[in-house]
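Comments concern the structure below.
The numbers here are math on the coordinates, done by the rules we state, and not lab data. Here the structure is a predicted model, which is why all the values come from computation and not from measurement. Please note: Cβ atoms are built from the backbone with ideal geometry, for glycine as well, and neighbour counts cover all protein chains shown.
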Amino acid sequence: MEDIHLETGNAVVNKKGLHQRLGKYLKEKRVHRGLTQQQVANELGYSSSQFISNFERGLCSPPLKNLRTLVDLYGLPPSDLIEIIIEEQKAILNSALGLSGTSTVEDTNQSSDTIQ
């Protein structure tokens, strides 16, 4: 797979496999439900399964408008999906801002509270 770079100001974020965790999770849940990519594509209003393949491989994420359908179709706990998406977006922002991905907002708040 070719690296794709996203320019964000002066930072460049490597988008290769950016959504792999979400894609792996959705594929696992689809397979567990016994659904094919084509069946999911049809439920989401796509004629081809290529889009489903793309987000299962981590090349993109499903549009927000389709998340409710995926939650219902796969029987997902919405909180799991939200957590994965937030973690991926957090990694994108950390990378774009040149921050390590290990600190959390809580860690940052605690650090600023102790520095007086």
A careful count of residues in region 20-44 that are aromatic (Phe, Trp, Tyr) and loosely packed, with under 15 Cβ neighbours inside 10 Å gives 0
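Results for (1) surrounded by 12 or more Cβ atoms within 10 Å (Cβ to Cβ); (2) aliphatic (A, V, I, L, M); (3) under 15 Å from the mean Cα position of the chain (by Cα), shown as yes or no for each residue.
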position: 46; (1), (2), (3): yes, no, no
position: 53; (1), (2), (3): yes, no, yes
position: 56; (1), (2), (3): yes, no, yes
position: 73; (1), (2), (3): yes, yes, no
position: 100; (1), (2), (3): no, no, no
